[in-house]
Structure formats: structure tokens, C-alpha cells
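One structure below.
What follows draws every value from the coordinates through simple rules; no lab data is involved. Everything quoted here is computed from the prediction, not taken from an experiment. Cβ atoms come from the backbone with ideal geometry, glycine included; neighbour counts cover every protein chain shown.
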Amino acid sequence: MSFFSQRVSRIQPSPTISITAKAKELKQEGKKIIDFSAGEPDFDTPDNIKKAAIEAINNGQTKYTPVNGTKELNEAIIKKFKRENDLVFAPDEITVGCGGKQVIYNALVATIEKGDEIIIPAPFWVSYPDMALLVEGHPVVLDCSLENNFKINPQDLENKITNRTKWVILNSPSNPTGAFYSELELQNLAKILLKHPHVWVMCDDLYEHIIFDNLKFKNILQVDEKLRSRTFVVNGVSKAYAMTGWRLGYGAGPKNLIKEISKIQSQSTTHTSSISQAAAIEALKNSDEFINKNKKIFQERRDLIFSKLKDFSSLQVFLPQGSFYVYVCCNDLMGKKKDDGTEIKNDIDLSDYFLDEGVAVVPGEAFGCSNFFRISFATSNENIIEGCDKVVSACKKLK
Ligand code: PLP
């Protein structure tokens, strides 16, 4: 009998975290690697946010806080939802955890019985299926093709719903594709969901503030209030305010769900750091300038990467409307051979080969959609130019 649980044997360590670690290791050995694998903004946390954290330390805000965060943070989150999303939440409809990741995990722990189904549109953020498996749920992958701009076809969604479906996860803008749902597209999904009142919706809005082409963000709750009693909106400070290391995410939803999440959190992590909470209050209140500046920078980088790769016919590049990722189809390279005669059989082989050639990308397999790879443009223009040149010349060397 194994000492370790079956639960843990079902899951893998996060592939994106391990690729970034491998790239870092190679860099430490002195190899020049252009890192296109990062899942975090390359900017530093703004000074006003750091200052708020330092003040919190100096003011002795170093003790336990309520499980769902301080009153001030709760108020700042409620105001954020009102100001930016026109959504009104009461204090007991808000939870705060150690990152959006923990908030999502807590919601699944609170709701999933063995075998319950969670519909996960693919390509997906790597952690959704493994979290579903950890709580003994059944991840039901809903393929969203390149032809449909990596978005859910409403009829396909309906076909996946069964009486065991507990959640549908929506992530717009998406990691890894940058696909962004318009209001009309969300309305069409809402129409299906309204026909199935036992299904809850988890909207993962982590990339809300990284959108391009003057698009206006909306989540499904903003387009259809009738879903209110079964929608859980997840957000966090990681991506919008360059605060990945601070570990603070939050969720808003029906108070019966928040109550169960709070129970779980009170018996596991208690709450996220009091210092991070103080920093998050400042981030939520005073970041418009930072957000607008970054949006512009990310859009310029997206355009740069697109212009570097779009004419290279062996790769098909999907133009993202948000996030800081480009999802690239490498179908045409499958079956080609490297100089040493070994064949590139899949996107994992290709990503390993790219790493040997000095560029770290994440293989599409990690996101449930093979023959693609993900490039993160959370890096400088110089790195984008050099990295794209390396990708193209590595591809050209394949026979
Ligand atoms: N959701 C998506 C789509 C993500 O890409 C990430 C992080 O990469 C998260 C949630 C979790 O972010 P955090 O736990 O840092 O708030």
C-alpha cells in the first residue's frame, strides 16, 4: 500500500512552472536563453503599492486578519466591482485567498463530490484539470478550435452538460490563447446556461485589465444578471498590478458558497498575508495609470511578435485580443527532422528543441491542445526580436 494518496498520484506538477524553472537553471549554467515561458508580467510592482506594504509593516499590521481579509480590503474589492464591472456585492459575498489559484481551488473543494463534472474549455489554463482531479471531480474538456477563434461554440457547450455537471469555467481573456469573448458571445453562452439551472459558472477574470484594440471587458454576469445566484467571479492582483509574488486573489459570489469557502480556508491557510492585503488595497484603489501604461506596452509587444512571425508560413499565429500570450500552431513542423536525424513528433519535442536552440516556450499539450506552443510576451522588445528570430531559424533548420 502506498503511503501517498491516489488523489496526489492523479496530478502532475504545473508544467508552466517547471519549464520556467528549467529555463532559469540553464541560464544559471551560463547558457543564453530567451524566456518566452513566463506567466507573469516582467514589470516590478509599482512604488505606491510597495509603500503601502512597508507602511503596513511599520504600523504593526502583522497579526492574523479575518479569514476573508480585512474590512478595508473587503471594501476596496466591493468598490472595484462596482466601479469597473458595475456589479454590486455585499461584504459576505467576497472571499480573499492566496492568489486566484487558491480561490478557484477552494470553490472546487467546497462543491465537488466524487465524479462531479467540471466543463473546461480547451486550450485551458494548466491548473483547472489538475485541480478538478485533486478534488476527485471529473474534468470534461470542451475543445475550442482555432477555426472558432479558440472560443466555445454554444451548442458544443450544451452537448457537454449532463446532470453531473457542477461548473463551467470561463476564462476571458484566456491563458493561453488571449481569446476574448464579446458581449454577444457571452449572451449566447448565457442563453444555454439559463436552460440548465444546476450548472454554476466560474469566470476567471485574472486578465481583465490586459486587453487590446480598445475592447471593453465584460464578464458573463455583467451581460446576464439572471446567472447571479450561480456565478462565481474570480480575480486577483497578480497580472493586473504585477504582483504575482504577493499571492492575493479574490472571488465574489453567492453567500452560501462564500461561507463554505471560508470554512475551508479557515482550516487550511487561514488567510493571505496581512501585508499583501494592505498592498492590494492600494493596488485596487490607485492603479489606473499603471494599467493603461501596461496595456499599451503589451499591445505593442503583441504587434511586434505578430509582425515577426506572421509571414513565416510554417507557423500559424493566432492574434490575441488580451493577456500576454500568443498561441502558435506548429502542425506543419510535425514529422520534420533535426540535424541529428531525430524526428519532431509533437509539440513537446519541438519545445525541447527550441530550448536547445536558446528559447523557452510552453508546449500546447500542457494546455490540452496539441501541435501548438505558447509564447509569453511578458518580456522586452529586444528579447521578443531575438527570440522570434531564434524560433524562425530553428524551424528553418528542420528538414
Ligand atoms: N487563472 C489564470 C487563467 C491564470 O493564468 C493564473 C495564473 O497564471 C491564475 C488564474 C492564478 O493566478 P494567481 O494565483 O497568481 O492569482
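Below are the figures for this structure:
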{"quantity": "Choice from Glu365, Glu289, Glu183 showing the highest fluctuation, given a GNM over the chain with Cα pairs closer than 10 Å", "calculated": "Glu289"}
{"quantity": "On Cα atoms only, tilt of 255-266 relative to the major axis of the chain in degrees", "calculated": "80"}
{"quantity": "Two-decimal log10 I(q)/I(0) for the stretch 305-399, as the Debye equation yields it once each C-alpha is a single scatterer, q = 0.17 Å⁻¹", "calculated": "-0.67"}
{"quantity": "Efficiency of FRET from Cβ geometry, Asn331 and Glu183, R₀ 45 Å, rounded to 0.05", "calculated": "0.90"}
{"quantity": "Computed label-point distance, nm, for sites Asn159 and Asp340 using a 7 Å Cα→Cβ extension", "calculated": "4.3"}
{"quantity": "Cα-based Kirkwood hydrodynamic radius, the stretch 241-333, one decimal, Å", "calculated": "17.0"}
{"quantity": "Cα-based convex hull volume of the stretch 1-105 per residue, rounded to whole Å³", "calculated": "236"}
{"quantity": "Equivalent ellipsoid dimensions for the stretch 63-286 as semi-axes, Å, which come from the Cα gyration tensor, largest first", "calculated": "26, 20, 16"}
{"quantity": "Convex hull volume of the stretch 70-122 per residue (C-alpha atoms, cubic angstrom)", "calculated": "124"}
{"quantity": "Amide proton proximity set for Ile119, modelled H, under 5 Å, gap of 5+", "calculated": "Val140, Lys166, Trp167, Val168, Ile169"}
{"quantity": "Over the chain: Kirkwood hydrodynamic radius from C-alpha pairwise inverse distances, Å", "calculated": "21.9"}
{"quantity": "Where chymotrypsin sites (Phe, Trp or Tyr not before Pro) fall in DSSP loop in the stretch 1-78, at most 10 other Cβ within 10 Å", "calculated": "Phe3, Phe4, Tyr64"}
{"quantity": "Rounded to 10°, Cα long-axis angle of helix 288-309 versus longest principal axis of the chain", "calculated": "20"}
{"quantity": "Ascending count of other beta-carbon atoms within 10 Å, so fewest first, for Cys203, Cys144", "calculated": "Cys144, Cys203"}
{"quantity": "Fully extended contour minus Cα-Cα distance, from Asn286 to Glu300, at 0.36 nm per residue", "calculated": "2.7 nm"}
{"quantity": "Relative contact order for the stretch 63-286, counting Cα pairs under 8 Å that sit 6 or more residues apart, in percent", "calculated": "29"}
{"quantity": "Percentage relative contact order, the stretch 312-359, counting C-alpha pairs under 8 Å, at least six apart", "calculated": "23"}
{"quantity": "In Å, descending, principal axis extents of the Cα set of the stretch 1-59", "calculated": "52, 37, 18"}
{"quantity": "For the chain, built as a Gaussian network whose Cα springs stay under 10 Å, the top-fluctuating residue of Ala190, Ala378, Ala21", "calculated": "Ala21"}
{"quantity": "In degrees, nearest ten, helix 381-397 long axis to first principal axis of the chain (Cα)", "calculated": "50"}
{"quantity": "The chain, relative contact order [Cα under 8 Å, separation at least 6], %", "calculated": "23"}
{"quantity": "10 Å beta-carbon shell around Gly364, net charge (K/R +1, D/E -1)", "calculated": "-1"}
{"quantity": "Helical mean residue ellipticity (222 nm; -39500 (n - 2.57) per DSSP H run of 4+; nearest 500) of the chain", "calculated": "-12500 deg cm²/dmol"}
{"quantity": "Fraction of antiparallel bridges per DSSP, the chain only, in percent to nearest 5", "calculated": "50"}
{"quantity": "Filtered GluC sites (Glu not before Pro), the stretch 13-114: DSSP coil and at most 13 other beta carbons within 10 Å", "calculated": "Glu29, Glu113"}
{"quantity": "Part-to-part distance (alpha-carbon centres) for the stretch 237-310 and the stretch 1-76, which is given in Å", "calculated": "11"}
